[in-house]
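Chemist: Just dropping this structure here.
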Amino acid sequence: MKTLTPQKIAEVTGGEYIGSESGRNATVAGAERDNRDVKPGNLFICIRGARVDGHNYANSAFDSGAACCLAEQKIPGAKGPYVVVKSTLEAIRTLGEYYRSLFDIPMIGITGSVGKTTAKEIIAAVLCEKYNVLKTEMNLNNEIGVPLTLLSLTEQHEVAVIEMGISNFGDMSVLARMVRPNIFVMTKIGYAHILELGDLQGVLRAKTEVFAYMEPDGIAVMNGDDELLLGYDPKMRTLTFGLEEHNNVRAVGIKTGGIDSVEFEIISEKGKFPVKLPAYGNHLAALAPAAVIVGQLLGMTDDEIRKGFMLYEPVEGRSNVKTHNGITLIDDCYNANPNSVKAALTSISSLPGRHIAILGDMLSLGEHSIKMHHEIGIFAAQCGIKCLLCQGDHARYIYEGFLTEAEKNETQAYYYTTMTDLIEALPGKIKKGDCLLIKASRGMHFEKLLPVIADL
């Protein structure tokens, strides 16, 4: 039985156990960093942040049933056992790496500049048709989230699908050392975090750090429509996916079923079969072949894979479609980079109604920012956007790019310096029958627009 105890946690992390003798061997299952999410038996990680110190909530975690805490200092009046370490962040990574080593199950790692969360959800949905699957929840794809996910593994899980997000060189090495994926899926190399990584070659170098931590019999599943990935040799078996003919598995004959579905046919060396995904967005078809490859590698039949696709549900904030008072809203405000914004604009162009785009800054683009925002404006006009609303320092260049391309007598474009101005303008710009896309980087907080639109 694969269990952790406070005593084992102290041994693995090199920490000091503090508590009763009987508490040393208590069973610890799962881990949380927010005391409000703690469930009985969990390990609570005390993380000292800029505004909140988790140590102040240790006893609240014990009240919720935490079996143990991981801390960087002694906890006055502690209501349960805890382990003191020099750094809880380093300790949780060490613990995640150790705990993952106890499991001999397929470990699917996923990364990419665009589409990695959607790919994770599609792959997990397909695998759930046959297996008990652990997958990354919400945005737990970084140096804290990944070990928390790994620590939620149980003996019932038959496969794990782990999203691995990075922002700088070395980040992927930290994650890969913990995950040690057997199969690694790369969706696309794009301009996310270009400020830190310099250029697309830098993005490629940072993300491919993972291959140093995979066994020789590991398998790379690469987006073959991406020129950089197609030309990269990970020095292991490689399978490609996408829409183009040279891929090992590809999607063809894409048909949009409005906001409810997208249908296509999968073609591989094993033959072909029809697929329906019960969600909006043509971009899903480009990612689905990756799920087919993973499913086939794990012994699934075409029929099992086809049924698994029907289990897919979009994640909130990522091409999530809502209808209200005759308005179709595409909530894609979780994050944005040039690749994902272009994909979102392309998808909305296939829907009925007057197309409106509310776009904000794409962050972390560095010296490329002005040019890339300007190009998005041009692309939005080319996609048939009839009304464009922009807010953010660099979103001004989206607005300007749009005006250079759009037919001014058939389109409308507006730029707002503040979120307040944008919110106040919305009622006069949106009407029944409109199809509306909201997209910006997470730091722009465009989710504030959602309740405003819901009240229109």
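The values are calculated or read from the model by the stated rules, or taken from the named source; none is laboratory data. Treat the numbers as computed from the prediction; the structure is a model and nothing was measured. Methodologically, a virtual Cβ is constructed for each residue, glycine included, from the backbone with ideal geometry; neighbour enumeration extends over all protein chains shown.
Chemist: Only one of these conditions is not met by Pro427: (1) crowded, with 22+ Cβ neighbours inside 10 Å; (2) under 18 Å from Leu456 (Cβ atoms); (3) at pLDDT below 95. Which number is it?
Modeler: (1)
Chemist: Acidic (Asp, Glu), at pLDDT 95 or above and closer than 30 Å to Leu351 by Cβ: which single residue out of Asp225, Asp233, Asp260 fits that description? Don't jump to the end; show me each part of the working.
Modeler: Working: Asp233 fails: closer than 30 Å to Leu351 by Cβ; Asp260 fails: at pLDDT 95 or above.
Sole residue among the options that is acidic (Asp, Glu), at pLDDT 95 or above and closer than 30 Å to Leu351 by Cβ: Asp225.
Chemist: Give the residues of the range 9-18 that are surrounded by fewer than 19 Cβ atoms within 10 Å (Cβ to Cβ), touching a residue at least 12 places away in the same chain (Cβ under 8 Å) and closer than 17 Å to Arg100 by Cβ, sorted by residue number.
Modeler: Passing the criteria: only Val12.
Chemist: Still on this structure: What are the residues in the range 364-406 that are in a helix (DSSP H, G or I), touching an Asp or Glu at 6+ places or on another chain (Cβ under 9 Å) and polar (S, T, N, Q), if any?
Modeler: Answer for the range 364-406, where residues must be in a helix (DSSP H, G or I), touching an Asp or Glu at 6+ places or on another chain (Cβ under 9 Å) and polar (S, T, N, Q): Ser369, Gln382.
Chemist: So, of the residues in the range 104-132 that are in contact with an Asp or Glu (Cβ under 7 Å, 6 or more places away or on another chain) and among the aliphatic types (A, V, I, L, M), which turns out to be nearest to Ile194 (Cα to Cα)?
Modeler: Ile110
Chemist: Considering each of Ile358, Ile385 in turn, give the residue that is closer than 19 Å to Thr256 by Cα, touching a residue at least 40 places away in the same chain (Cβ under 8 Å), not assigned by TED's automatic domain parsing to the domain that holds Asn248 and not basic (Lys, Arg). Reasoning before the result, please.
Modeler: Values: Ile358 fails: closer than 19 Å to Thr256 by Cα.
Going through Ile358, Ile385 in turn, the sole match is Ile385.
Chemist: Of the residues that sit in the range 19-35 and are touching a residue at least 12 places away in the same chain (Cβ under 8 Å) and farther than 15 Å from Pro6 by Cβ, which one is surrounded by the fewest Cβ atoms within 10 Å (Cβ to Cβ)?
Modeler: As a first pass, look at the range 19-35 and keep what is touching a residue at least 12 places away in the same chain (Cβ under 8 Å): 19-20, 23-33, 35.
Next, only the ones that are farther than 15 Å from Pro6 by Cβ stay: 32-33, 35.
Values: Glu32: 19, Arg33: 22, Asn35: 22.
By that ranking, first place goes to Glu32.
Chemist: A further question on this structure: Out of everything in the range 162-174 that is among the aliphatic types (A, V, I, L, M) and touching a residue at least 60 places away in the same chain (Cβ under 8 Å), what residue ends up being surrounded by the fewest Cβ atoms within 10 Å (Cβ to Cβ)?
Modeler: Of the residues in the range 162-174, the ones among the aliphatic types (A, V, I, L, M) are 162, 164, 166, 172, 174.
This time we only want the ones that are touching a residue at least 60 places away in the same chain (Cβ under 8 Å), so: 172, 174.
Values: Met172: 24, Val174: 19.
Restricting to residues being among the aliphatic types (A, V, I, L, M) and touching a residue at least 60 places away in the same chain (Cβ under 8 Å), the top hit is Val174.
Chemist: Would you mind finding the one in Ile376, Ile348 that is modelled with pLDDT of 95 or more and β-branched (Val, Ile, Thr)? Can you show your working first?
Modeler: Numbers: Ile348 fails: modelled with pLDDT of 95 or more.
Among Ile376, Ile348, only Ile376 is modelled with pLDDT of 95 or more and β-branched (Val, Ile, Thr).
Chemist: Every residue in the range 51-63 that is under 29 Å from the mean Cα position of the chain (by Cα) and surrounded by fewer than 17 Cβ atoms within 10 Å (Cβ to Cβ), please.
Modeler: Listed by number, the residues that qualify are Arg51, Val52, Asp53.
Chemist: Continuing with the same structure: With respect to Leu148, is the statement that it is over 13 Å from the mean Cα position of the chain (by Cα), hydrophobic (A, V, I, L, M, F, W, C), assigned to a loop (DSSP other than H, G, I, E, B) and assigned by TED's automatic domain parsing to the domain that holds Lys207 true?
Modeler: On the way: over 13 Å from the mean Cα position of the chain (by Cα): yes; hydrophobic (A, V, I, L, M, F, W, C): yes; assigned to a loop (DSSP other than H, G, I, E, B): no; assigned by TED's automatic domain parsing to the domain that holds Lys207: yes.
The answer is no for Leu148.
Chemist: Looking only at the range 433-456, which residues are loosely packed, with under 12 Cβ neighbours inside 10 Å and either touching a residue at least 60 places away in the same chain (Cβ under 8 Å) or hydrophobic (A, V, I, L, M, F, W, C) (or both)? Even if it seems obvious, please write down each step before you answer.
Modeler: Here is the first cut: in the range 433-456, the ones loosely packed, with under 12 Cβ neighbours inside 10 Å are 433, 451, 455.
Within the range 433-456, Gly433 is the sole residue that qualifies.
Chemist: So which of Ala61, Ala67, Ala78 ends up being more than 23 Å from Thr154 (Cα to Cα) and in the same structural domain as Ala10 (by TED's automatic domain parsing)?
Modeler: On the way: Ala61 fails: more than 23 Å from Thr154 (Cα to Cα); Ala67 fails: more than 23 Å from Thr154 (Cα to Cα).
So the residue among Ala61, Ala67, Ala78 that is more than 23 Å from Thr154 (Cα to Cα) and in the same structural domain as Ala10 (by TED's automatic domain parsing) is Ala78.
Chemist: What are the residues in the range 159-189 that are assigned to a loop (DSSP other than H, G, I, E, B) and of a type in the set (Val, Ile, Thr), if any? Show your work before the answer.
Modeler: Residues of the range 159-189 assigned to a loop (DSSP other than H, G, I, E, B): 164-170, 180-182, 187-189.
Residues satisfying the conditions are Ile166, Thr187, Ile189.
Chemist: Also, quick follow-up: Is it true that Thr154 is part of a helix (DSSP H, G or I), within 30 Å of Pro278 (Cβ to Cβ) and in contact (Cβ under 8 Å) with a residue 40 or more places away in the chain?
Modeler: no
Chemist: Any residue in the range 417-432 that is in the same structural domain as Leu449 (by TED's automatic domain parsing) and under 19 Å from Lys322 (Cβ atoms) sitting within a Cβ distance under 6 Å of a residue that is among the hydrophobic types (A, V, I, L, M, F, W, C) and surrounded by fewer than 16 Cβ atoms within 10 Å (Cβ to Cβ)? List the pairs, counting only those 6 or more apart or interchain.
Modeler: Within 6 Å, the pairs are Ile423/Val452; Leu426/Val452.
Chemist: Restricted to the range 91-124, and to residues that are of a type in the set (A, V, I, L, M) and surrounded by fewer than 22 Cβ atoms within 10 Å (Cβ to Cβ), which residue is farthest from Gln156 (Cα to Cα)?
Modeler: Step one: filter the range 91-124 for residues of a type in the set (A, V, I, L, M), giving 91-92, 95, 102, 105, 107-108, 110, 114, 119, 122-124.
Keeping just the survivors that are surrounded by fewer than 22 Cβ atoms within 10 Å (Cβ to Cβ) gives 102, 105.
Values: Leu102: 13, Ile105: 11 Å.
Ranking the candidates gives Leu102 first.
Chemist: Please name all residue pairs, on different chains or six or more residues apart, with Cβ atoms under 8 Å, provided the first residue is in the range 250-265 and is farther than 21 Å from Gly224 by Cα and free of Cβ contacts under 8 Å to residues at least 12 places away in the same chain and the second residue is aliphatic (A, V, I, L, M) and surrounded by 16 or more Cβ atoms within 10 Å (Cβ to Cβ).
Modeler: Lys255/Val262
Chemist: Right, something else. Yes or no: the range 412-424 includes at least one residue that is in a helix (DSSP H, G or I) and over 29 Å from the mean Cα position of the chain (by Cα). Steps first, please.
Modeler: Step one: filter the range 412-424 for residues in a helix (DSSP H, G or I), giving 419-424.
Filter again for over 29 Å from the mean Cα position of the chain (by Cα), leaving 421, 424.
So far as the range 412-424 goes, yes, one or more of its residues are in a helix (DSSP H, G or I) and over 29 Å from the mean Cα position of the chain (by Cα).
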